[in-house]
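Just below is one structure, and these are the notes that go with it.
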Amino acid sequence: MKDFSTILIAVDFSDSSDNAFQMARTLAEKFSAKLIVLHVINEPIDLRGFYVPHISFDKLEEEIEEGAKKMMESFCRQHMAGFENFEPLIVPGLPYDEIITQAEAHGADLIVLGTHGRTGLDHVLFGSTAEKVVRKSQAPVLTVRLDVESAE
Ligand code: AMP
């Protein structure tokens, strides 16, 4: 079997993606792989310049980017101790689309993500991001389900 050399973990800063991250890190350590830690700023295309003038939208966008950067820094501080071979990455767009695009752009041989995200619709088998990535990605995808009882 081909080794994994680059693993992309998609994080939305939910408990579910934190849990998936642990699996991704374990695999990265076992395979000496690089870990791309991706967060996508979910950007509804229709909003741009439609409800608010460009000037205030740009300001809002800057603040959102700043906030996402801080969350990523805090995530990496918390989870990356003792592991150096990683690259944090923040991009705007549609989460499922960017997860696939960035995995291709970085030559990831595995995508890891939670079965659910921040919407926490536990009754559905897969969240919509997870489902679309599984259906559309060329690279293998590992989805990790958070065992809610053991997390409590
Ligand atoms: P969902 O399908 O939206 O419930 O989310 C399932 C998983 O997709 C999460 O546990 C994350 O691993 C990933 N994910 C969802 N939204 C994002 C996002 N905005 N950026 C990066 N990963 C995400």
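At-a-glance table
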item	result
Sum of side-chain charges, F21 neighbourhood, beta-carbon under 13 Å (Lys, Arg +1; Asp, Glu -1)	-3
Sequence-separation-based contact order of the range 14-151, relative, with Cα cut under 8 Å and 6+ spacing, percent	36
Accessible surface of the chain, 1.4 Å probe, proportion on carbon and sulfur as whole %	54
Structure-based [θ]222 nm, the chain - -39500 (n - 2.57) summed over DSSP H runs of at least 4, per residue, nearest 500	-14000 deg cm²/dmol
Per-peptide average of other Cβ atoms within 10 Å, ordering 30-40, 62-72 highest first	30-40, 62-72
Pairwise Cα inverse-distance average, inverted: Kirkwood Rh of the range 54-141 (Å)	15.1
Per-residue SASA entry for E61, accessible area with 1.4 Å probe, Å² rounded to 10	40
Sequence-distant residues sharing a close amide H with V144 (under 5 Å, placed H)	L113, G114, T115
T26-Q138 pseudo-label distance in nm [points 7 Å out on the Cα-to-Cβ vector]	3.0
Solvent exposure ordering (accessible area, 1.4 Å, most first) of F57, F126	F126, F57
Listed residues R145, R77, R135, R25 arranged by accessible area, highest first, probe 1.4 Å	R77, R135, R145, R25
Formal net charge of residues neighbouring P95 (Cβ-Cβ distance under 11 Å; K, R +1; D, E -1)	-2
Average accessible area per residue (Å²) across the chain - probe 1.4 Å, nucleic acids and ligands excluded	61
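The values are calculated or read from the model by the stated rules, or taken from the named source; none is laboratory data. No experiment lies behind these values; they were computed from the predicted model shown. Glycine also receives a Cβ, built like all others from the backbone with ideal geometry; neighbour counts cover every protein chain displayed. Quick note on the areas: whole protein, heavy atoms, side chains included, nothing else; ligands and nucleic acids left out. Shrake-Rupley method; radii C 1.70, N 1.55, O 1.52, S 1.80 Å.
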